[in-house]
Each structure stands twice: as structure tokens, then as C-alpha cells.
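The values are calculated or read from the model by the stated rules, or taken from the named source; none is laboratory data. Worth saying up front: this structure is predicted, and the values here are computed from it rather than measured. Cβ sites come from the backbone with ideal geometry, for glycine too, and all protein chains shown count toward neighbours. Please note that ligands, DNA and RNA were not included when accessible areas were found on the heavy atoms of the full protein model with its side chains. Shrake-Rupley method; radii C 1.70, N 1.55, O 1.52, S 1.80 Å.
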Amino acid sequence: MPETDLDLIIRAAEEAGRIALAHWRGTFRHWEKDEGAGPVSEADLAVNDALEQALRAARPDYGWLSEESPEDPRRATAARVFVIDPIDGTRAFIAGEDGFAVAVAVVEDGQPVAGVVHQPARGVTYAAAAGQPATRNGQVIRPRKARLEGAEVLTTKAALDPAFWRGRRVPRIRRSFRPSLAWRLCLVAEGRFDATLSMRPVWEWDVAAASLIAVQAGCTVSDRRGRGLRFNQMPPLGDGLVVAPPDLHRELIAALDVEPPEPAQTGPGRVAG
């Protein structure tokens, strides 16, 4: 039986994770990218190379979009596209922390149809395909129900600036943080936190795989204005992020001081939009 896209990207992500672990907490070069684009390391590039070799060999007609690769002009017309973050949470990786992840998605017509977020140092693999349950190490995951007041939200301190909130009133939420944005979405999907949000622009490779996992678990995923996400865009950058179970998502969008939202899709199903 031919290997499905989900099986392919799980296998590739786990093999790439072993390359990351061979560098982790060892001696390797790392540096800051130009124009304040953040850090990158030898490990990021090695993982990216391994993923590109494995995935393009298996699906040579798919386009390619990766944080660590030059722009692939074929992705604009390809029927399906790999969207890759070789190491999401590079700062944590460089610091020897275990909260980094390998994130791989397959996108078709602007929507993820398969996604995996693999955490090699933690031995955890989150995965989903369109129309199928989201899983953590093979076990089905679901978000938990919560209301806005008192919700446990994964976000940065900057997101709690009163300027972002209607009436300059920041809800009474409990803020936490994790270094990998993809991991934050997965933690909401499995019900360990209630929501995650970003008021800053988000790169597609950070959220493509995890957004599908969150939707298939039962969350609503949108940009900060409540609009559905689309992927393989030019440029590959979204207007913030709000991820939560449907009721809490509606409360968050209503509380944020942005333009009125467009309807967003809830799971199970594809990413909103």
C-alpha cells in the first residue's frame, strides 16, 4: 500500500529529530540572521537538508516552503506544498532546553491536509490529517472547555498590552509561555492549556502543521481578527493568531480590539477559512 502523506511526514520528522538530537546540548555553530529574523544554527540547516532530501525524493511534484530554504517559485502553482520549520524554538534548542520541535505540513489549496509536530527531546509526536482525529503519540487528543475569565493562555507579555483589548481592559487570564509556537497550539489541542494567541504576525511554517492538529482536535483557529487562515501565501505571513475551543475563541475575538471578525471554521475539519 502506498505511504500516505501523513505517514511520510511522521517518518521524516522523526528521522530529522534524531539529527537534531545529535547536535542538541553539544558544540555547534549558531548565529543571528540578517534583518532581525532570529537565530539559526548548524542543526537547523542539517535538519532542513535531511527533510528536503527525504520529502522531495518521495513527492518530487510537491512545492517547498521552509524557514531555512531559499524561495521555491514552483510552490505558487504546485497542487500540494510541504511547509516546514526544521527546528521551531531555535533559541530554546541553542540554550539546551527541550521545548523545540520539528514541524512539517502538507498544504493543498491553501489548507493543511496533513501535519506533524515532533519533539525529539521529549519523545512526543503530535499528528493529524484532514478528516481524522488529532493524536499525541497515537492517542486521540481533545481540548478542554474554559471561559475567558481565568483561562490559562499561552502567549507573550506583549499580547497583554491594554492597547490590544477592547476598552483597554485586559481579561483576567493566567499567562504562560512555551518557546515553540507549534508546541503551544498542540498544548491547547490536548487540553493542557485553554488557548494560545499572538498579536504579532506569524510565519506559516510556525503554525501550518499545528493548526491542523488543533482543528482536528476540536479547536477554532483564526488570525487575530477572527479570519480563517490560509497557507502557501505570498508572502507566507499571517496577521496574528487565536487558537481555542469554539466558545472561548468567540470570547477572545470579542474581547480583542480589532476589526469585526469574519466567520472561522471549527473542528473537526480543516483550518478555519
Sequence-separation-based contact order of the stretch 5-140, relative, with Cα cut under 8 Å and 6+ spacing, percent: 22
Magnitude of the charge dipole, the stretch 1-98, Cβ model with Lys/Arg +1 and Asp/Glu -1, debye to 20: 180
Nearest-ten-degree value, helix 42-58 long axis tilted from longest Cα axis of the chain: 80
Positive dipole terminus of the chain, leading residue within 8, 180, 24 (C-beta point charges): 180
Approximate spin-label separation residue 255-residue 156, in nm, with each point projected 7 Å along Cα-to-Cβ: 2.0
Heavy atoms of residue 40 accessible to a 1.4 Å probe, total area in Å² rounded to 10: 10
Positive-end extreme of charge dipole, the chain - chosen from 165, 101, 87 (charges on Cβ): 165
The stretch 22-79: trypsin sites (Lys or Arg not before Pro) in DSSP coil with no more than 14 other Cβ atoms inside 10 Å: 25, 29, 33
Descending principal axes extents, the stretch 5-140, alpha-carbon based, whole Å: 40, 37, 25
Label point at residue 58 placed 7 Å out along Cα→Cβ; residues across the stretch 85-100 whose backbone nitrogen lies under 20 Å: 85-88
DSSP-loop GluC sites (Glu not before Pro) across the stretch 148-255, with at most 15 other Cβ within 10 angstrom: 149
Rg ratio (alpha-carbon, reference 2.2 N^0.38 Å) - the chain: 0.94
In order through the stretch 163-174: 3J(HN,Hα) via Karplus (6.51 cos²θ - 1.76 cosθ + 1.60), integer Hz, x for Gly, Pro: 4, 8, 10, 4, x, 6, 10, 7, x, 7, 10, 9
